[in-house]
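The values are calculated or read from the model by the stated rules, or taken from the named source; none is laboratory data. As the structure is a computational prediction, the values presented were derived from the model and not from experiment. Using ideal geometry, Cβ is built from the backbone for each residue, glycine included, and neighbour counts are taken over all protein chains shown. Ligands, DNA and RNA are excluded from the accessible area calculation, which covers all protein heavy atoms including side chains. Shrake-Rupley method; radii C 1.70, N 1.55, O 1.52, S 1.80 Å.
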Amino acid sequence: MTAAQQQGLDTTIAISSEDHEDNEPSSSRDLSCIQDSLPGIAHRVFRKTAQNNKLCLYLGNRDVVVSNNSSTKIHGIVLVEPDLLRDTKKKVFGQITLTFRYGREDEEVMGLKFCNEAIMCLAQIYPPHENAQREQNTPLQEMLIQRLGSNAHAFSMEITHLAPPSVQLVPAKEYNGAPIGTSYDIRVYIAERADEKLQRKNIVKMGIKVVQMASAPPPPTPTPRSEQPKGWRQRGPQATSEKPFLLSDGKVTLEANLDKAIYTHGDPIHVNISVKNTSKKAVRRIKVFIVQHVDVCMFSNGKFKNTVASDECTDVPIPGNGGSLEKEYLLHPIKARTKNWIALEDSLGSTVNKSEGTLSSTVVCVSPEDRNVFAIYVTYYVKVKLLIGAMGGQMSLKLPFTLMHTPSNTYPAGKLFLDK
């Protein structure tokens with residue numbers, strides 16, 4: 001065993017489908033690839049070893065995608081030293097645990113804990129339960145069993161499609177404690193009973209991430225327009241707002257739209273605006289910005305907003321009596337310093353700060369009846385705001401959109417990666 005394995009940490013290994021001794025790099029950061037016996041299929045395998053070095057967990061995927069009616073399964077392999085199962089009463093159990101931390105770890109005093117846990121799935125891996133439904137192993141599981149030997153046992157676990165997606169909250173002040181938000185991990189252990197109190201060295205735990213399948217938010221209903229500006233795009237959400245004035249004639253009309261409703265992380269967001277001013281007042285300022293709205297369901301006051309991108313128009317003022325403006329803005333939503341807590345992607349067990357990680361993907365509630373007390377809902381929208389001079393006040397409109405990830409396919413075909 002390497003020093004990293006003796007400490008029970010994640011390690012990177014390289015296993016060849018050919019028959020020769022295992023090669024394990026000394027650094028846990030090295031990534032090696034080998035030819036797979038399944039040509040044309042790309043695989044990446046994650047491994048975690050328990051502190052006693054006698055229990056090892058292999059996962060082919062750490063992402064669980066949930067949709068309205070289903071969720072993807074977690075397929076894995078458990079490698080167990082034979083001496084751990086000499087007692088016939090001992091069994092190998094696995095469970096998927098949801099951890100919801102709603103407060104800072106450094107503020108927990110006198111036994112107070114700002115953390116709740118819930119078991120989302122519990123299974124007896126070995127020996128298989130007599131009433132358990134036998135499932136066919138995946139090609140990756142078959143390949144690993146063939147390589148690891150008879151002490152390797154395959155398993156599949158599934159959680160409900162109502163499970164809240166993984167979201168990590170980062171406080172406004174500096175914080176280095178346990179991750180705050182909703183997170184998941186899979187735990188494998190050996191015991192006589194599933195509810196038996198366990199020693200930490202006999203458990204292997206690996207973080208996983210639950211991702212909600214993205215769906216486009218309902219676009220706002222626009223006000224019918226008699227004529228549309230030249231080059232106006234209508235593929236994404238669009239909205240119209242008008243502001244008349246009580247003591248003067250004319251009005252200010254603001255129209256805006258996006259080029260699409262669903263964006264992937266890293267995509268620029270195109271915002272097209274059109275302003276028509278038939279009043280006697282001038283439009284002094286135009287600001288376009290993207291807002292991340294976070295809703296922590298456990299608390300009635302757990303709602304906050306952050307600006308993750310912004311831009312201002314320099315072609316102002318727009319004079320009255322027929323003045324107009326048509327312009328396209330290009331915004332890139334990114335993490336930055338904020339005055340409120342910000343929602344980021346789950347870091348799979350490690351703490352991140354606002355200078356690291358990526359913005360959380362959109363998490364929506366399908367219906368008010370399905371709101372989960374452990375859920376953190378994240379939405380995004382573009383807001384266009386106009387400031388009108390001569391005591392004209394201001395006007396604004398919102399354009400909601402979805403921010404999501406694309407399916408990962410970054411590994412060469414015909415390769416097997418074994419990484420932490």
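Which shape class, rounded, prolate or oblate, goes with segment 120-179 when its Cα gyration tensor gives a ≥ b ≥ c as root eigenvalues, a/c under 1.5 marks rounded, and past that a/b bigger than b/c marks prolate? Here segment 120-179 falls in the prolate category.
Close amide H contacts of F245 (hydrogens built in the peptide plane, cut-off under 5 Å, sequence separation of 5 or more or a different chain): none are found. Give me the tail of P(r) for segment 284-406 as a percent: Cα-Cα pairs with distance above 23 Å. That tail contains 43 percent of the Cα-Cα pairs.
Within the shell of other residues whose beta carbon sits under 13 angstrom from the beta carbon of T72, the net charge comes to +1, with Lys and Arg scored +1 and Asp and Glu -1.
Kindly identify segment 252-348 as rounded, prolate or oblate by the Cα gyration tensor criterion: order the square roots of the eigenvalues as a ≥ b ≥ c, call it rounded if a/c is under 1.5, otherwise compare a/b with b/c, prolate if a/b is larger, else oblate.
Working: a/c = 2.76, a/b = 2.01, b/c = 1.38.
It comes out prolate by the Cα gyration axes.
Of the GluC sites (Glu not before Pro) found in segment 89-144, those that fall in a DSSP loop while having at most 15 other beta-carbon atoms within 10 Å are E108, E130, E135. Ranking M110, M120, M206, M213 from most to least accessible surface, computed with a 1.4 Å probe over the protein chains only, gives M110, M213, M120, M206.
For segment 309-404, trypsin sites (Lys or Arg not before Pro) are listed when DSSP marks them as loop and at most 14 other Cβ atoms sit within 10 Å of their Cβ; the list is R337, K339, R371.
Looking at segment 234-338, which chymotrypsin sites (Phe, Trp or Tyr not before Pro) are DSSP coil and have at most 13 other C-beta atoms within 10 Å of their C-beta?
Numbers: sites: F245, Y263, F289, F299, F304, Y329; in loops: F245, F299.
Answer in residue order: F299.
Taking a straight line from the alpha carbon of K89, these lysines sit under 20 Å away, with near neighbours fewer than eight places off in the same chain left out: K54, K197, K201.
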